[in-house]
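Encoded as structure tokens, the structure appears first; notes follow it.
The values are calculated or read from the model by the stated rules, or taken from the named source; none is laboratory data. Worth saying up front: this structure is predicted, and the values here are computed from it rather than measured. Here Cβ is always computed from backbone atoms with ideal geometry, including for glycine, and neighbour counts include all displayed protein chains. All accessible areas refer to the heavy atoms of the entire protein, side chains included, with ligands and DNA or RNA removed. Shrake-Rupley method; radii C 1.70, N 1.55, O 1.52, S 1.80 Å.
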Amino acid sequence: MSEKKEKFASDTSGRSVADWAKALVILLIGLTVAHLGVTLFLLSELGTDTFTVFIQGLSRVFGLTVGTVHVIVLCILMVVMLVTTKGYVKPGTVVCAFCGGPIIDLFTWMLGGWINGGSPMPIRAASMLIGCVILSAGMSIVINSNAGTGPNDLVAVILSDKMESVEFRWVRVGCDLFFVVLGFLLGGTVGAGTVVAVFLTGPLVQFWLPKTKKAVQKVLKEQVKTKRKGEDYE
């Protein structure tokens, strides 16, 4: 019989204030890395990320700005997950929800003069692909910090725990595809980069998860227990 899939839900109730401070610093590092990847992806102007397609579609339906809809949707997701699940929504979830935008703005200001829609296509394509790799690495650090994950990313994380027979990469691909298709039907913009992100992000995150986990746990000096049916995993 194959080994049961490790779950993402974890018990962090025993963490001290100092441990939480370290975990949140690691989360911020991961969030910064992830949004460097997002910025490189967006600056290529070859398509928006999958969740943004969904947000764009909703903004056009309701006549609100993309930023306003983004905050509303993330807040709704946080409340729903907080009420219906346990062990997923944590302090870092709030940090992810409200700090991502400013980080992207900072990197856009720093890099926008070198990478943009007017750059040669090889540079734009490389920026988009490298962005996906960096984004996925940063997401794995955020997840492994066990301090919380962005509400939109938690959708795939929670579903992966519920669907025990399906690997995380395929759950993430399914979620990304859902956001893209629904967003497109609502009027969101889909580009070549969006399609690449659908099929590349999930597998890359799964690739990075075990590689960053050892480093993160070494810094935190803890073995995170993740729950399975009727038992703990260490």
Filtering region 106-118 down to residues that are touching a helix residue (DSSP H, G or I) at 6+ places or on another chain (Cβ under 8 Å) and either outside any helix (DSSP H, G or I) or free of Cβ contacts under 8 Å to residues at least 12 places away in the same chain (or both) yields Gly112, Ile115, Asn116, Gly117
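How many of the residues making up region 13-47 are over 20 Å from Ala97 (Cα atoms) and out of contact with any Gly (no Cβ under 8 Å at 6 or more places or on another chain)? Reasoning before the result, please.
To start, the set of residues in region 13-47 that are over 20 Å from Ala97 (Cα atoms) comprises 13-19, 43-47.
Checking the rest, the ones that are also out of contact with any Gly (no Cβ under 8 Å at 6 or more places or on another chain) come to 13-19.
Residues meeting the conditions: 7.
Taking the criterion of being of a type in the set (Ser, Thr, Tyr), touching a residue at least 40 places away in the same chain (Cβ under 8 Å), open to solvent by less than 30 Å² (accessible area, probe 1.4 Å) and under 20 Å from Ile141 (Cβ atoms), would at least one residue in region 11-24 satisfy it?
The answer is yes, given that some residue of region 11-24 is of a type in the set (Ser, Thr, Tyr), touching a residue at least 40 places away in the same chain (Cβ under 8 Å), open to solvent by less than 30 Å² (accessible area, probe 1.4 Å) and under 20 Å from Ile141 (Cβ atoms).
With respect to Phe41, determine if the residue is crowded, with 18+ Cβ neighbours inside 10 Å and touching a Cys at 6+ places or on another chain (Cβ under 7 Å).
yes
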Of those in region 194-206 that are touching a Cys at 6+ places or on another chain (Cβ under 9 Å) and under 21 Å from Leu31 (Cβ atoms), the residue most open to solvent (accessible area, probe 1.4 Å) is Leu200
Quiz prompt | Meets criteria (in contact with a helix residue (DSSP H, G or I) (Cβ under 7 Å, 6 or more places away or on another chain) and open to solvent by 30 Å² or more (accessible area, probe 1.4 Å)) for Met163 | solution = yes
Contact list, first residue from region 205-228 and at pLDDT 85 or above, second anywhere and open to solvent by 100 Å² or more (accessible area, probe 1.4 Å), beta-carbon distance below 7 Å, six or more apart or interchain, is Gln217/Gln223
Those residues of region 176-187 which are open to solvent by 10 Å² or more (accessible area, probe 1.4 Å) and in contact (Cβ under 8 Å) with a residue 12 or more places away in the chain amount to Leu177, Phe179, Val180, Leu182, Phe184, Leu185, Leu186, Gly187
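Go through Lys4, Lys86 for me and flag whichever is open to solvent by 50 Å² or more (accessible area, probe 1.4 Å), out of contact with any Lys or Arg (no Cβ under 8 Å at 6 or more places or on another chain), charged (D, E, K, R) and at pLDDT below 90. Spell out how you get there, then give the answer.
Numbers: Lys4 fails: out of contact with any Lys or Arg (no Cβ under 8 Å at 6 or more places or on another chain).
None of the other options fit; the residue is Lys86.
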Residue pairs within 7 Å by beta carbon, gap of at least six or interchain, first lying in region 86-105 and in contact (Cβ under 8 Å) with a residue 40 or more places away in the chain, second open to solvent by 30 Å² or more (accessible area, probe 1.4 Å) and not in a helix (DSSP H, G or I), listed first then second, are Gly87/Asp11
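Do any helices (runs of 4 or more DSSP H) lying entirely in region 1-84 carry at least 3 residues that are of a type in the set (Gly, Ala, Ser), and which ones are they? Quick ask: steps written out before the conclusion?
Values: elements: 17-43, 50-62, 66-84.
Output list reads 17-43.
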| request: Check whether at least one residue in region 93-108 is open to solvent by 70 Å² or more (accessible area, probe 1.4 Å), among the hydrophobic types (A, V, I, L, M, F, W, C) and over 30 Å from Lys213 (Cβ atoms), and report yes or no. | output: no
